[in-house]
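Chemist: Mind having a look at this structure? Questions to follow.
The values are calculated or read from the model by the stated rules, or taken from the named source; none is laboratory data. Everything quoted here is computed from the prediction, not taken from an experiment. Reconstructed Cβ throughout: ideal geometry from the backbone, glycine too, with neighbour counts over all protein chains shown. SASA here: full protein model, heavy atoms, side chains in, ligands and nucleic acids out. Shrake-Rupley method; radii C 1.70, N 1.55, O 1.52, S 1.80 Å.
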Amino acid sequence: MKKIFLILFITLTTSFYGQQPVMFKVEKSTIILNDNTEIQGEIDFPLVDDGKPLKYKNANGKQKIERDKISKVVFTTNQGGGAAIEYINMKVFNEMNVKVMKEPKLLLNVVKGKVSVYISSYTNNQFSYNGSANAARNNGVGFVNYYCIREGEEAASLIHVDSNYANENMFFRQNGRIYFADNTEIAAKIDNREYTYKNFMEVIELYNSKK
């Protein structure tokens, strides 16, 4: 389990774009179930959004557990005195953000704030990712979904898809201007293409900075 991974590590409201990848080791992996039971074991990092039972290995050998039984998965690293990377099992809306999907998703939390940001990646390879579509493509990541959620919302909304085949700005413009409609400045700039998908984290930081 103690392999060295190269990934962009973010905590709280640190910007996702424009950062340099950080080298770190995953020291410990913990699965926390819905009843708060904790299971220690070796888990492949990063998690893949494939909907299959989560596989892990412990003293009893290879194990697996259905994802709907999981509350979250915590990877403790050797950075910052044991900084943790958390995947939260949460409800999400469909692509048009009009219907809550039946199955929740284990999403990586990258920003906490008035609007929190979570991502999921679709790949079966460990990867080096610095927040850009090109880096994702070059390292086996098919696409990365960016979800936003405010406190009290029923589910996380899909705002941006970083991929090698989707019209990224069309998707961001369509979903972003609706989601951030309560901030007229941001919504107008998205609608006028002053903010594109490349400004995603700038939008998040600006929105979270406003009272």
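Chemist: So, in the range 177-199, of the ones that are part of a helix (DSSP H, G or I) and in contact with an Asp or Glu (Cβ under 9 Å, 6 or more places away or on another chain), which residue ends up most open to solvent (accessible area, probe 1.4 Å)?
Modeler: Step one: of the range 177-199, the residues part of a helix (DSSP H, G or I) are 177-179, 184-191, 197-199.
Keeping just the survivors that are in contact with an Asp or Glu (Cβ under 9 Å, 6 or more places away or on another chain) gives 177, 188, 197-198.
Details: 177: 91, 188: 45, 197: 55, 198: 138 Å².
Step by step, filter the range 177-199, then rank; the result is 198.
Chemist: Mind checking which residues of the range 31-49 are outside any strand (DSSP E or B) and within 27 Å of residue 143 (Cα to Cα)? It would help to see each step written out before you state the result.
Modeler: Filtering the range 31-49 for residues outside any strand (DSSP E or B) gives 34-37, 41, 43-49.
Once the filter is applied, which keeps residues that are outside any strand (DSSP E or B) and within 27 Å of residue 143 (Cα to Cα), the range 31-49 yields 43, 44, 45, 46, 47, 48, 49.
Chemist: Every residue in the range 151-167 that is open to solvent by less than 90 Å² (accessible area, probe 1.4 Å) and under 22 Å from residue 109 (Cβ atoms), please.
Modeler: Residues satisfying the conditions are 152, 153, 155, 156, 157, 158, 159, 160, 161, 162, 163.
Chemist: Select from the range 50-81 the residues that are assigned to a helix (DSSP H, G or I), exposed (fewer than 13 other Cβ atoms within 10 Å of the Cβ) and in contact with a Leu (Cβ under 7 Å, 6 or more places away or on another chain) and list them in ascending order. Give the steps one after another, and end with the answer.
Modeler: Going residue by residue through the range 50-81, those that are assigned to a helix (DSSP H, G or I) are 67-69.
Remaining after also requiring exposed (fewer than 13 other Cβ atoms within 10 Å of the Cβ): 68.
Those that are assigned to a helix (DSSP H, G or I), exposed (fewer than 13 other Cβ atoms within 10 Å of the Cβ) and in contact with a Leu (Cβ under 7 Å, 6 or more places away or on another chain): none in the range 50-81.
Chemist: Check 171, 180 and return the single one that is among the aromatic types (Phe, Trp, Tyr) and at pLDDT below 95.
Modeler: On the way: 180 fails: at pLDDT below 95.
Of the residues listed, the single one that is among the aromatic types (Phe, Trp, Tyr) and at pLDDT below 95 is 171.
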